[in-house]
Every structure is written in structure tokens, then in C-alpha cells.
Amino acid sequence: MRDLVYPPVIAFARTAFKVLDLKLRLTGTDNVPRTGAALIALNHVSYVDFILGGYGALPSKRLVRFMAKEVLFRNRYSGPLMRGMHHIPVDREAGAASYQQALAHLAAGEVVGVFPEATISRSFELKEFKSGTVRMAAEAGVPVIPMILWGTQRMLTKDHPRDFSRHRPISISVGAPITVTPDDDAGEATAHLRSTMAGMLDETIRAYPEQPAGAWWLPAAYGGSAPTPAEAERLDREELARRAARRP
């Protein structure tokens with residue numbers, strides 16, 4: 001693929017990180033292969049996760065092609081950038097096309113980024129995973145690389161105003177590759193991936209340098225005031241109902 005757009009976007013992001021003086025803590029980035037196709041599975045807590053998730057692959061000199069909502073590709077501002085970086089539009093009503101496009105990217109030796117939760121977690125804990133990630137890895141014959149992002153929710157997430165304050169710690173943790181074969185049960189493989197990432201998330205949260213009691217961005221299970229997973233699920237249902245009511 002010709003990448004005329006991605007490099008300047010990365011340069012802009014790096015400049016923004018320096019201006020914000022983000023305290024980036026990257027661990028395990030050598031688990032991202034320097035050559036060959038791979039599927040990176042990320043947790044989803046923020047609207048900027050694809051930016052920081054892509055940054056986690058840069059030490060291996062890889063560009064990640066993210067599967068992202070189709071609406072971003074129709075936006076007059078983000079659309080040209082998303083297409084120029086060869087990201088993959090996901091239309092939930094016609095998911096087969098994006099699945100096939102992701103497989104084509106993997107067949108070409110690219111690194112594809114996917115969010116198995118599909119949507120941002122309001123509880124900041126892991127939601128249930130869709131099985132598409134492991135099915136895609138099995139069909140393409142590529143490893144799944146688990147990646148955990150933490151601190152990005154403090155910048156821009158659901159139900160809270162954006163906050164790009166300086167000196168914010170951001171953690172990016174990359175786990176060991178997980179192999180999935182066509183003979184593996186997709187449900188069991190998905191459960192294994194989620195369990196692995198849940199353990200990584202727990203370690204990342206506990207190692208995070210700031211743990212203020214009652215913080216809105218800290219999960220309830222860790223002493224924060226974020227919605228519990230059950231409360232978050234209710235808020236998600238209410239959001240979907242509002243969207244449905246607005247449709248003609």
C-alpha cells in the first residue's frame with residue numbers, strides 16, 4: 001500500500017503528544033511483529049484509542065489498519081484521513097464487506113486493529129467480546145496480539161467533556177501473541193482472549209501512577225465512580241433506544 005497520508009498524521013500526533021507532555025508508558029511492544037500479518041485486539045475506553053493504539057505498534061515500525069465505524073469515513077474532515085490511512089469502514093448492517101476487506105489486508109501482510117467489544121465501555125472494564133476477532137485470525141492464519149490502553153478515557157470518552165490537560169499518564173500494554181486455528185472453538189477462543197486481556201487490564205490499572213478514590217474514570221471495582229458493568233449495560237441500551245427513536 002502507498003502511505004502518503006499515514007506518515008504526516010503520525011508526525012502530527014507525535015507533536016501533539018509532546019505539546020500535551022503525555023507520560024506514555026509502553027510495555028511489551030516487541031510482541032508486535034516487525035514483518036508479516038497480525039491482528040491487534042484492543043480494549044475500547046475512548047474515542048482516541050485508535051490513535052494511541054497505533055502508536056503502540058510504531059516501535060516495531062508497523063502501521064495499523066483499524067476497523068472503524070463507517071460514519072467516520074463519511075465525515076468531511078475525518079473521511080479523507082481514514083481512507084488515506086487505509087483503515088477499514090465497518091457498517092454493522094453489512095458487516096461481511098468489512099470482514100472481507102480486513103482479510104484482504106491480512107493476506108497482504110498488513111497489521112489490522114480491531115476492538116472486540118465493538119463499542120466504548122462506559123464502565124472502563126471489558127464488555128463482552130464479539131467472536132469476529134478470533135474467527136478472522138483463524139481464517140487468515142495470523143496471530144492475535146492483545147493490547148490494553150489505559151488513561152485515554154480521561155481525554156475523550158462517552159458521557160464526559162473532552163479534557164486534553166497536559167502531563168497525563170497513558171499506558172499502552174502489549175501482550176504475547178495468541179494463536180487461533182480453524183479447529184479451535186470460536187467461543188472458547190474468544191473467552192480465552194477476553195480472559196487474557198482482562199488480566200492485562202487489571203495489571204495495567206494497578207500499575208497506573210494515579211489512583212484517586214472516586215475518580216469518574218476509574219472503574220467502580222477499583223474504587224472509582226464509573227458505572228458498574230451492569231449500570232453501563234443499561235446506559236448502552238438507553239442510548240440504542242434513543243438512536244432508534246430518531247430514525248425516520
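Once the mean 1/r over all distinct Cα pairs of segment 67-129 is inverted, what Kirkwood radius in angstroms do you read off? It would help to have the intermediate numbers written out before the result.
Working: mean 1/r = 0.0784 Å⁻¹.
After inverting the pairwise mean of 1/r, the radius is 12.8 Å.
What are the semi-axes of the equivalent ellipsoid of the chain, taken as the square roots of 5 times the eigenvalues of the Cα gyration tensor, listed largest first and rounded to whole Å? Mind dumping the intermediate values first?
Details: eigenvalues 128, 94, 84 Å².
Values for the chain, descending: 25, 22, 21 Å.
Charges only on Cβ, +1 for Lys and Arg, -1 for Asp and Glu: so what's the dipole of segment 39-134 about the Cα centre, in debye to the nearest 20?
Numbers: 11 positive and 8 negative charges, 55 e Å.
Using only the charged Cβ atoms, the result is roughly 260 debye.
When the helix-only estimate is applied to the chain (DSSP H runs of n ≥ 4, each -39,500 (n - 2.57), divided by the residue count), what is the mean residue ellipticity at 222 nm, nearest 500 deg cm²/dmol? Provide the component values of the computation, followed by the final result.
On the way: 8 runs with 95 residues, N = 248.
Theoretical 222 nm ellipticity from helices: -12000 deg cm²/dmol.
With N denoting the number of residues in segment 166-228, provide Rg(C-alpha) divided by 2.2 N^0.38 Å, to two decimal places. Show your work: numbers first, answer last.
Numbers: Rg = 15.4 Å, N = 63, 2.2 N^0.38 = 10.6 Å.
Taking the Cα Rg and dividing by 2.2 N^0.38 Å, one obtains 1.45.
Take the solvent-accessible surface of the protein heavy atoms, probe 1.4 Å, and return the percent of it on the chain that carbon and sulfur atoms account for. Provide the component values of the computation, followed by the final result.
On the way: 6820 of 12420 Å².
For the chain, the apolar C and S fraction of the accessible surface comes to 55 percent.
For the chain, which span is the longest to avoid every loop-located (per DSSP) member of chymotrypsin sites (Phe, Trp or Tyr not before Pro) having at most 13 other Cβ atoms inside 10 Å?
Result for the longest clean stretch: 78-163.
Report, largest value first, the span of the C-alpha coordinates of segment 114-248 along each principal axis, in whole Å.
Here the Cα extents, ordered largest to smallest, are 46, 44, 25 Å.
When the dipole is taken about the Cα centre of the chain, and only Lys, Arg (+1) and Asp, Glu (-1) are charged at their Cβ, what size is it in debye, to the nearest 20? Each step should come with its number before you reach the end.
Values: 31 positive and 26 negative charges, 231 e Å.
With Lys and Arg at +1 and Asp and Glu at -1, about 1100 debye.
Might you tell me the accessible area per residue for segment 87-219, computed with a 1.4 Å probe and given in Å²? Show your work: numbers first, answer last.
Working: 5760 Å² over 133 residues.
Each residue of segment 87-219 exposes 43 Å² on average to a 1.4 Å probe.
Putting +1 on Lys and Arg Cβ atoms and -1 on Asp and Glu Cβ atoms, find which of Phe50, Leu39, Gly95 reaches farthest to the positive end of the dipole of the chain.
Going by the Cα projections, it comes out as Phe50.
For segment 1-137, take every pair of Cα atoms, bin their distances at 10 Å starting from 0, and report each bin as a whole percent.
Per 10 Å bin, starting at 0, the Cα pair percentages come out as 11, 42, 39, 8, 0.
Just how far, in whole angstrom, is segment 220-239 from segment 176-205 if you go by their alpha carbon centroids?
23
Under 15 Å from the Cβ of Gly79, count the other residues' Cβ atoms, weight Lys and Arg +1, Asp and Glu -1, and hand me the total.
Working: positive: Lys69, Arg74, Arg76, Arg83; negative: Glu70, Asp91.
Surrounding charge for Gly79 is +2.
The values are calculated or read from the model by the stated rules, or taken from the named source; none is laboratory data. Just so you know, these numbers come straight off a predicted model, no measurement behind them. Note that we place each Cβ from the backbone using ideal geometry, even for glycine, and neighbour counts take in every protein chain shown. Areas reflect the complete protein model, heavy atoms only, side chains present, ligands, DNA and RNA absent. Shrake-Rupley method; radii C 1.70, N 1.55, O 1.52, S 1.80 Å.
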